[in-house]
Amino acid sequence: MFKAIHRHGRHVLAALLFAVCAGQAAAGSYQLGVYYFPGWRDNTPGSPSMHPWDPIKPYPERKPLLGWYHEGDDAVMRQQLDWMAAYGITFVAFDWYMGPPGNTVYLDHALQAYLRAPERSNVKFSLLWANHSKFPASLSDWDGMIRYWEANYFSRPEFLKMDGHPVVFVFSADMLESQAKTFGQTSQALLARAQSIVAEAGGASIQFVAGTGATTPFISSTAKADGYGAFSTYNYQQGPADPHLSYSYDELDQGYRAHWQGFAQKGNLPLIVPTTSGWDKQPWGGTTGYPQHDHSESTPEQFRQHLQAAKALMDGGPWQAHKYAVICCWNEYGEGSFIEPTEMGGFQYLQQVKAVFGGN
């Protein structure tokens, strides 16, 4: 598994040398995160398949520098955290899943490895609650999930805080509202109930981040009243209210920038600025109906320019007191959204992150 590291020893040495800067980055003016997709472990319920690397192997440019690793192994996570800290990433948001039977937490092997890693002190963690399912189906489901978060995550010193409040990304605010209605609730009622639960446990209130869609992104008129504290997204495929999916990274980048400006003009909450390394879903069968959309991967230079635009927005926009951004993604190999070092590309994408955000 780690032969690739030895072949690229100079990169690993550089990462270790840069690691001394990790504490500075965590304390700096920018908080830069990555979404982490925990789908790369064989024979694991919830993974894309029982052998999830197999569809990726015909695309050798996507082979991780760590090889076709067994995700959740401690050595894998420790190396990933070293790289994140060395190149200026200050938090990792793990895709997080709960569902039947019995409100089971699944695909948390990478998160559990994180919680065992000594290196976790250099990179905070958060949750991207993947709520694109039929969960919760009841108030009992909802209460159980909030209590699980409070008992297992929020009190940890490594958990990401904004103004002292633990940050939880909600994949889709619209989906939560729709699901709440199936059992006679609203998202406003559920979020208020969550705050009551954590207050009873003696914890700080949750900073819920409303995930927004590409064609209906501006939910700011209700989000604040519903109990959200910020906006963001997992990814966008197109610009605001535009049915045309991107056919290149340039188009995808312009779509993101249009969304950013829309929130700057119309939003009444901070934006955790969403960014992307691109999109190409061919290993997973391609984008249904839009094969041209799978030409939306970036070059390192394009990615650097994208990050520079995001940083400029953070410096000059209405959220200067909350300079948070998040990259999609660390390791979405099936969707072509990844910045984790690869055998063919090395550290090119992390170098862009360091060039734009490092040294703070």
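The values are calculated or read from the model by the stated rules, or taken from the named source; none is laboratory data. All values derive from a computational prediction rather than experimental measurement. Don't worry about glycine lacking a Cβ; one is built from the backbone with ideal geometry, like all the others, and counts go over all protein chains shown. Each accessible area value is taken on the protein alone, full model and side chains, heavy atoms only, with ligands, DNA and RNA left out. Shrake-Rupley method; radii C 1.70, N 1.55, O 1.52, S 1.80 Å.
Kindly indicate the residue of region 239-259 that is surrounded by fewer than 21 Cβ atoms within 10 Å (Cβ to Cβ) and in contact with a helix residue (DSSP H, G or I) (Cβ under 9 Å, 6 or more places away or on another chain) and also modelled with the lowest pLDDT among those meeting that condition.
Step by step, filter region 239-259, then rank; the result is 242.
Say whether the condition of being more than 20 Å from the chain's Cα centre (by Cα), closer than 30 Å to residue 239 by Cβ and at pLDDT 95 or above is met by at least one residue in region 190-209.
Yes: region 190-209 contains one or more residues that are more than 20 Å from the chain's Cα centre (by Cα), closer than 30 Å to residue 239 by Cβ and at pLDDT 95 or above.
Being open to solvent by 50 Å² or more (accessible area, probe 1.4 Å) and more than 14 Å from residue 338 (Cβ to Cβ) is the filter here, so list the residues in region 49-59 that pass it.
Once the filter is applied, which keeps residues that are open to solvent by 50 Å² or more (accessible area, probe 1.4 Å) and more than 14 Å from residue 338 (Cβ to Cβ), region 49-59 yields 50, 51, 54, 57, 58.
Could you list, in sequence order, all residues of region 60-118 that are part of a loop (DSSP other than H, G, I, E, B) and more than 14 Å from residue 40 (Cβ to Cβ)?
Within region 60-118, 87, 88, 89, 90, 100, 101, 102, 103, 117 qualify.
Among all residue pairs at least 6 apart or on different chains, which show Cβ distances below 6 Å where the first residue, located in region 164-185, is farther than 11 Å from residue 207 by Cβ and the second is at pLDDT 95 or above and open to solvent by 50 Å² or more (accessible area, probe 1.4 Å)?
180/186
Restricting attention to region 287-333, which residues are modelled with pLDDT under 95 and within 20 Å of the chain's Cα centre (by Cα)?
Selection gives 313, 314, 319, 322, 323.
Residues that are farther than 24 Å from residue 161 by Cα and either without any contact (Cβ under 8 Å) to a residue 12 or more places away in the chain or of a type in the set (Asp, Glu) (or both): which helices (runs of 4 or more DSSP H) entirely in region 242-360 hold 2 or more of them?
Counting at least 2 such residues, we get 249-266.
Looking at 171, 183, 159, can you tell me which residue is at pLDDT 95 or above, aromatic (Phe, Trp, Tyr), open to solvent by 10 Å² or more (accessible area, probe 1.4 Å) and in contact with a strand residue (DSSP E or B) (Cβ under 9 Å, 6 or more places away or on another chain)?
Testing whether each residue is at pLDDT 95 or above, aromatic (Phe, Trp, Tyr), open to solvent by 10 Å² or more (accessible area, probe 1.4 Å) and in contact with a strand residue (DSSP E or B) (Cβ under 9 Å, 6 or more places away or on another chain) leaves just 171.
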